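Below is one structure; the comments refer to it alone.
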Amino acid sequence: MNLLREPLGRKQQMTDRMCDPDAETRPAGAQAPPSTLDTSIEFSLNGEKQHRRIDSSAVLLDVLRDDFGCRGVRRSCERGVCGACTVLVDDVPVASCSTFAFAVDGAAVETVEGLTAADGTLSPQQRAFAECGGYQCGFCTSGMLMLTTGLLRREPRPDRGTIREWISSNTCRCTGYEMILESVERAAELTAAQEGDRE
C-alpha cells in the first residue's frame with residue numbers, strides 16, 4: 001500500500017493505531033495513557049535557551065510551529081523536498097519537516113523569526129530580497145532566506161554558479177529564479193558592507 005496516496009484521514013487513523021494500539025478497545029471518552037516514548041531536549045532557538053519534553057517521534061517542524069509559534073517555518077511537502085521549512089541547525093540548512101526534534105538536542109536552531117533584530121531592523125538578507133523582488137506570494141521566502149543565511153556564513157562572496165547550486169534545493173512555484181539569484185548576490189553585498197561597518 002502506498003501511504004502517500006492514501007486519504008489523509010486514513011493515514012491519521014493508521015498513525016493513531018501505531019501510537020496507541022489500544023485506542024479501538026478503550027471505552028468512549030477515556031483518555032490514552034501518557035506516552036512512554038517521550039524525551040527531553042535542550043537547545044538554543046534564535047539565541048535563547050529552550051527546554052522541552054517532546055514525543056520521540058516529533059519532527060522539528062511541528063515543535064517549532066506548535067510549541068514555539070515559529071510560523072515562518074512553512075509546512076508544505078513534508079518530505080524534505082521543497083525547502084519551505086528550511087531552518088539552520090548549527091549554521092547548516094536542514095529540512096525541519098524531515099528532522100527528528102530530538103536530533104537538535106544541544107544544538108543552535110535558527111528560524112526566519114530570528115533574522116530581524118530586536119528593534120525591528122531587517123537583516124541584510126531580508127533587505128536584499130525586498131530590494132530585488134526575490135519573492136512573489138512569499139510562501140517559500142522564509143526557507144530561501146535561511147538558505148541564503150547559511151550560504152553566506154559558509155561562503156561570504158559566492159559566485160553565481162554556487163548560488164544557483166544552493167538555491168536549487170528550494171522550490172519557488174511563482175517566480176523565475178533570476179530575481180532570487182539577484183537577491184542572494186545583493187545579500188552578499190549588504191552583509192559584506194555591514195561586516196565592514198563593524199570593523
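The values are calculated or read from the model by the stated rules, or taken from the named source; none is laboratory data. These numbers were taken from a predicted model, which means no experiment stands behind them. Neighbour counts run over all protein chains shown; Cβ positions are idealised from the backbone, glycine included. Quick note on the areas: whole protein, heavy atoms, side chains included, nothing else; ligands and nucleic acids left out. Shrake-Rupley method; radii C 1.70, N 1.55, O 1.52, S 1.80 Å.
Only residues that are under 13 Å from ASN170 (Cα atoms) and open to solvent by 60 Å² or more (accessible area, probe 1.4 Å) were counted in region 79-94, giving 2.
The residues in region 95-118 that are on the phi > 0 side of the Ramachandran plot and either open to solvent by less than 60 Å² (accessible area, probe 1.4 Å) or in contact with a Phe, Trp or Tyr (Cβ under 6 Å, 6 or more places away or on another chain) (or both) can be counted, and the count is 0. Checked against the criterion of being touching a Pro at 6+ places or on another chain (Cβ under 9 Å) and closer than 21 Å to ASP90 by Cα, the candidates SER142, SER123, SER169 yield just one match: SER169.
Among the residues of region 76-94, those that are in contact with a helix residue (DSSP H, G or I) (Cβ under 6 Å, 6 or more places away or on another chain), at negative phi and assigned to a loop (DSSP other than H, G, I, E, B) comprise ALA84, CYS85.
Between a first residue in region 50-73 that is open to solvent by 20 Å² or more (accessible area, probe 1.4 Å) and a second residue that is of a type outside the set (Ser, Thr, Tyr) and in a loop (DSSP other than H, G, I, E, B), which pairs have beta carbons less than 8 Å apart while being 6 or more apart in sequence or on different chains? Within 8 Å, the pairs are GLN50/PHE68; ASP55/LEU37; SER56/LEU37; SER57/LEU37; ARG65/ARG71; ARG65/VAL73; ARG65/ARG75.
Here ASP197 clears all of (1) surrounded by fewer than 20 Cβ atoms within 10 Å (Cβ to Cβ); (2) modelled with pLDDT of 95 or more except the condition numbered (2).
Any idea which of ALA108, ALA130, ALA118 is closer than 24 Å to PHE43 by Cβ and modelled with pLDDT of 95 or more? When all the criteria are applied, what remains is ALA108.
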